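The values are calculated or read from the model by the stated rules, or taken from the named source; none is laboratory data. In this text, all values refer to a predicted model and were calculated from it rather than measured experimentally. Backbone-built Cβ (ideal geometry, glycine too); neighbour counts: all protein chains shown. What goes into the accessible areas is simple: the full protein's heavy atoms, side chains included, and nothing from ligands, DNA or RNA. Shrake-Rupley method; radii C 1.70, N 1.55, O 1.52, S 1.80 Å.
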Amino acid sequence: MDNNSPRESLATTSSARPPSSYVTPSSLRAPSDLFEDHRLSGLRTSDLSASSYTHGPSNSRDFRSGSPHSKRSSRSSHNPPSFPARFASITAFRQCNTVPYTSTATIASPVLLTPKTSLNQSQRHHQSNVSSPSSKASLAPSEGEDLDAFHVRNTYAQLEASGVRGDGYEEGIERTRARVGNSRASQLEADSAIADGTEKKRDLDAKELQVLRNVDRYGFFSVTSHDRLVLLSAAPLLKKLSIAPAGPPSASPNATPVKSLPSASVPPKETSRISKWNRMLVPQKPQQGGNVESWRLRPSKESKLRERTYKGVPDRWRRAAWDMLISGRTGASASDYESLAAQYRDCLDKPSTYDIQIDLDVPRTISGHIMFRTRYGAGQRSLFHVLHSFSLRCSSCGYVQGMGPIAATLLCYMEPERVYACLVILHDAYKLHDVFNPGFPGMLEAIYVQERIMETTMPAVYAAFRRHMISTTSYATKWYITLFANSVPFQTQLRLWDVFLLEGYDLFVAMAVAIVWVYRDHITSASANFETVLSLLSSFFIPENEDALMSWIEATLGDKKTSREHGEMAAGLASARCLRQRRERAAIEP
């Protein structure tokens with residue numbers, strides 16, 4: 001992954017070691033007094049439950065836990081999923097950590113928690129069904145399973161039973177990528193990093209409060225500067241995509257630098273848009289207990305969906321809206337989600353040949369987020385479990401690094417079972433199978449379409465790329481593989497994903513063309529060269545005006561001529577690919 005992303009700045013720095021040197025620390029070797037403690041028998045934890053990290057329009061001192069409709073009842077369906085905060089408090093993490101696990105296929109919505117509330121026994125029992133990957137404190141190696149990979153899988157399973165100390169505000173202790181020393185001091189340090197339940201019984205201390213004050217509304221820690229932030233100017237986006245001449249030769253080859261990431265402030269029209277989405281979505285199916293499981297679009301508002309999605313889904317509605325958009329595009333039903341959730345849990349007991357690589361990637365995946373900060377915290381455990389299960393879903397795709405940021409973003413809004421189900425649907429119905437398949441044919445198809453659009457509308461830019469011998473794959477690969485997760489601010493990424501779930505993968509082609517369109521004068525400058533152009537397009541882009549960017553993309557995708565050309569080129573490329581595959585099969589047949 002791109003470690004230069006501002007949101008990667010807090011990545012774990014522990015170096016990887018050869019698989020043959022993996023040693024299970026004494027604190028995690030079975031039998032262990034820790035896992036024989038009667039207080040921990042059968043317990044599960046979600047100190048940083050993935051479903052707790054939904055976001056809402058409030059300031060950084062507010063806390064919350066729960067999905068966007070965890071407290072909504074079908075009897076109050078005309079109110080939006082409302083919360084006092086943008087992410088769960090550390091107190092809530094502690095309280096959730098005492099929940100007993102009950103093996104069941106039902107996925108209940110989490111109970112809303114604030115720093116001043118606690119769970120009674122009935123609530124604890126109700127919440128026990130949320131995002132628990134396994135009831136086992138330790139696993140047994142499968143026949144033929146690599147022992148190093150088993151060590152990784154078993155470590156996550158054991159820590160899922162105990163939790164880790166300081167989840168969300170401590171760095172944590174590395175247990176799989178680096179050896180826990182054999183010295184008594186190293187072993188004691190490793191043992192002390194395992195949660196013992198005391199954190200759940202006290203109020204937030206000064207250190208925890210300071211950590212929470214330093215995160216934005218989405219849960220990211222503040223990053224003051226970065227040497228690769230550049231401004232994505234709004235002025236070029238005021239002109240519709242059309243044939244454009246070369247820019248002035250005297251233009252600077254460098255874009256305007258930006259000193260720091262913009263603050264993740266609440267959009268000015270967020271309140272009014274919440275009201276509009278409140279009237280546009282209605283409950284479809286209540287869960288046991290009255291919580292709303294899914295939402296549907298009110299028929300009379302169908303004509304408003306596209307316009308309002310491009311303007312940005314209100315954050316407190318994002319989980320519900322994403323579910324609705326996915327189901328509306330693919331026809332996925334509640335039974336489909338239940339089946340995929342059961343499949344997710346079944347896969348956790350199976351080995352994956354990708355477990356070691358997944359473990360290497362987990363701590364450096366949006367680690368600047370409070371949910372994923374602590375090594376082996378609930379956020380990292382959920383991410384590992386989702387990627388582990390998903391790597392077993394498709395034998396040809398397996399696991400690639402680009403899946404991590406996608407899964408992590410979904411975990412900010414959904415519980416692990418739901419994230420797995422969404423990944424499967426995106427894989428099957430949103431072309432991600434082609435994107436992640438060996439050789440990345442879906443990505444190459446998108447790049448082909450992008451190049452034809454540039455050749456048609458920006459011939460001078462296309463010629464500059466050829467002159468400087470810059471291939472599109474050299475700068476656009478990470479855009480298409482990660483769905484722009486490591487190339488734009490999180491709030492911009494969310495708006496792109498809103499439209500992606502509505503329009504499909506073509507959205508990312510339009511975004512790629514928008515970036516080149518904005519920087520076309522820099523690319524065609526007489527002073528431009530291989531290094532300046534590649535550095536520019538490998539930067540982290542800060543939109544000057546998100547609304548202008550999304551309006552330009554809407555106009556580009558909505559243009560009938562452009563859309564028809566996209567479709568014809570994509571269809572031709574797909575036909576060529578099918579013909580090539582038939583020829584390859586015929587060549588190996590006797």
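Quick notes
- Sequence ranges 375-387, 290-302, ranked by mean other-Cβ count within 10 angstrom, highest first: 375-387, 290-302
- Protein-only accessible surface order, largest first, of Leu232, Leu392 at 1.4 Å: Leu392, Leu232
- FRET E, pair Arg279, Tyr448, Förster distance 60 Å, beta-carbon r, rounded to 0.05: 0.90
- Ranked order, Glu544, Glu145, Glu171 - accessible area, probe 1.4 Å, largest first: Glu544, Glu171, Glu145
- With a threshold of 21 Å on the Cα-Cα distance, the over-threshold entries among Lys269/Lys304; Lys285/Lys311; Lys431/Lys478 are Lys285/Lys311.
- Extension gain (nm, one decimal) between Lys259 and Lys350, 0.36 nm per residue minus Cα-Cα: 28.1 nm
- The ellipsoid that matches the Cα gyration tensor of segment 410-454 has semi-axes, each √(5λ) in whole angstrom, of 27, 12, 7, with the longest given first.
- Mean-position separation - Cα centroids, segment 321-396 and segment 526-559, in angstrom: 31 Å
- Gyration tensor verdict on segment 263-306 (Cα atoms; rounded if a/c is under 1.5, prolate if a/b is larger than b/c, oblate otherwise): oblate
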